[in-house]
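The values are calculated or read from the model by the stated rules, or taken from the named source; none is laboratory data. Please read these numbers as outputs of a predicted model, since none were measured by experiment. We place every Cβ from the backbone using ideal geometry, glycine too, and count neighbours over all the protein chains shown.
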Amino acid sequence: MPRAEVSVHPFATGDGLGLTLTRFSTAECEDVVLLVHGLTSSSDMFIMPEHRNLVSFLLDSGFGDVWALDFRMSNRFPYSVETRRDTLDDIAAFDHSAAMRELRRHVGVRRIHVIAHCLGSVSFQMSLFGGTVDGVTSMVANSVGLTPRVRAWARVKLALAPALLEYGFGLSYLDPRFAAAPPLTRRWLLARLASRFHRECGEPACHMQSFMWGSGHPAMYRHVNLALQTHEHERLADLNSAADVHYYRHVNKMVRAGRAVKFDPASHPDLPDDYLAGAERVETPVLFLTGDQNDVFTDSNIVCHRMLDKVAPGRHELHVLPGYGHIDPIIGRTAHLDVFPRILDFLKRNSG
């Protein structure tokens, strides 16, 4: 960010992990924005130089104090390639609450707006609706919220892949870079297998990402929405890296339940077994964003908005983005024209 003062703020979670917040500041502002990435990605997705990114757009639009969280799912940390058996409940209990405390230590009582993507969105809403964070003025949730839904092939992968990968292939994580592994190794063979079913482009990292997430060709985005450098797949494996397969088990349980539920009812007694229980008491308005070609979490946000609108009519909003998929509303080459103004309008209407 050429004009912004950038600073990094490390902090620790209650279960002993080191995480970071990165601050991009151009001016004192009564409204602070916190950006939250998804699984396999990091805060890098918000500062991509290939196009006008979300951080620069917000700074140029009057929100002069923007923060980006790297929590335990971030590819900046080794946690997703370690056999930790973390769940989304661990993130809801520890990561977001610690991040909000650190953020409050710097910004005080100013208004905080959250923009979250993918499982960052799910887990932050679990914190918000589960009561481990409060004081959030508004939230934008991209692609998925508290009612994860996936296509039939993705359901099969969620149900079978974790055990097959861990005990059949000896892999506790998946990485788009598997194609670069030594020939004939298990990682290399898995990448070659994924590429056999994806002829839409010549980039193995793109094929692996479709295997890791959703059901489509490709699954995570529409190629036409990506900037030239990204369309040539020069950055995909950097932006969306390794993922611990144990998280898929928790997502699978939520998909089967039709809503965000605790993975282990005996864990985290301060969190609810059903995160939508008591949803009417959460006063933070949420803008649910989703592409109409979302091949990862399909109509999850449409369903979540419908459910929440029944218990809190008019509090939350929904916007479906024509021609967009799962992650391209954030990293798309024209997202600053098609998507970011929708986010900005929502933030402004919930400021002051």
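Checking residue 211 against (1) aromatic (Phe, Trp, Tyr); (2) farther than 18 Å from residue 295 by Cα; (3) at pLDDT 95 or above, which test does it fail?
(2)
Among the candidates 94, 57, single out the residue that is of a type outside the set (Gly, Ala, Ser), assigned to a helix (DSSP H, G or I) and either in contact with a Ser or Thr (Cβ under 7 Å, 6 or more places away or on another chain) or closer than 27 Å to residue 259 by Cα (or both). I'd like the intermediate steps shown before the answer.
Values: 57 fails: either in contact with a Ser or Thr (Cβ under 7 Å, 6 or more places away or on another chain) or closer than 27 Å to residue 259 by Cα (or both).
Of 94, 57, the one residue that is of a type outside the set (Gly, Ala, Ser), assigned to a helix (DSSP H, G or I) and either in contact with a Ser or Thr (Cβ under 7 Å, 6 or more places away or on another chain) or closer than 27 Å to residue 259 by Cα (or both) is 94.
Being of a type outside the set (A, V, I, L, M), part of a helix (DSSP H, G or I) and touching a residue at least 60 places away in the same chain (Cβ under 8 Å) is the filter here, so list the residues in the range 210-227 that pass it.
Scanning the range 210-227 gives a single hit, 225.
Within the range 321-338, can you find the residues that are of a type outside the set (Gly, Ala, Ser), touching a strand residue (DSSP E or B) at 6+ places or on another chain (Cβ under 6 Å) and over 17 Å from residue 44 (Cβ atoms)?
Scanning the range 321-338 gives 321, 324.
Would you please name the residue that is nearest to residue 21 (Cα to Cα), looking only at residues in the range 46-55 that are modelled with pLDDT of 95 or more and surrounded by fewer than 23 Cβ atoms within 10 Å (Cβ to Cβ)?
47
Would you mention how many residues in the range 287-297 are charged (D, E, K, R) and buried (at least 24 other Cβ atoms within 10 Å of the Cβ)?
0
Name the residues in the range 62-83 that are crowded, with 18+ Cβ neighbours inside 10 Å and small (Gly, Ala, Ser), would you?
64, 68, 74, 80
Go through 155, 149 for me and flag whichever is in contact with a helix residue (DSSP H, G or I) (Cβ under 7 Å, 6 or more places away or on another chain) and surrounded by fewer than 17 Cβ atoms within 10 Å (Cβ to Cβ). First the steps, then the outcome.
Numbers: 149 fails: surrounded by fewer than 17 Cβ atoms within 10 Å (Cβ to Cβ).
Exactly one of 155, 149 is in contact with a helix residue (DSSP H, G or I) (Cβ under 7 Å, 6 or more places away or on another chain) and surrounded by fewer than 17 Cβ atoms within 10 Å (Cβ to Cβ), namely 155.
Out of 170, 202, which single residue is under 24 Å from residue 86 (Cβ atoms) and in a loop (DSSP other than H, G, I, E, B)? Full working, then the answer.
Values: 202 fails: under 24 Å from residue 86 (Cβ atoms).
Residue meeting the stated conditions: 170.
Conditions tested, residue by residue: (1) at pLDDT below 95; (2) assigned by TED's automatic domain parsing to the domain that holds residue 326; (3) within 24 Å of residue 90 (Cα to Cα).
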{"position": "129", "(1), (2), (3)": "no, yes, yes"}
{"position": "160", "(1), (2), (3)": "no, no, yes"}
{"position": "175", "(1), (2), (3)": "no, no, yes"}
{"position": "205", "(1), (2), (3)": "yes, no, no"}
{"position": "223", "(1), (2), (3)": "yes, no, no"}
{"position": "232", "(1), (2), (3)": "yes, no, no"}
{"position": "235", "(1), (2), (3)": "yes, no, no"}
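Can you name the residue in the range 271-286 that is farther than 24 Å from residue 250 by Cα and of a type outside the set (D, E, K, R) and is also surrounded by the fewest Cβ atoms within 10 Å (Cβ to Cβ) among such residues?
Restricting to residues being farther than 24 Å from residue 250 by Cα and of a type outside the set (D, E, K, R), the top hit is 285.
Collect the residues in the range 19-42 that are of a type in the set (Gly, Ala, Ser) and surrounded by fewer than 22 Cβ atoms within 10 Å (Cβ to Cβ), keeping them in residue-number order. Working first, answer last.
Let us first name the residues in the range 19-42 that are of a type in the set (Gly, Ala, Ser), namely 25, 27, 38, 41-42.
Correct list: 25, 27.
Residue 149 passes all but one of (1) over 17 Å from the mean Cα position of the chain (by Cα); (2) assigned to a loop (DSSP other than H, G, I, E, B); (3) charged (D, E, K, R); which number fails?
Just one mismatch for residue 149, condition (1).
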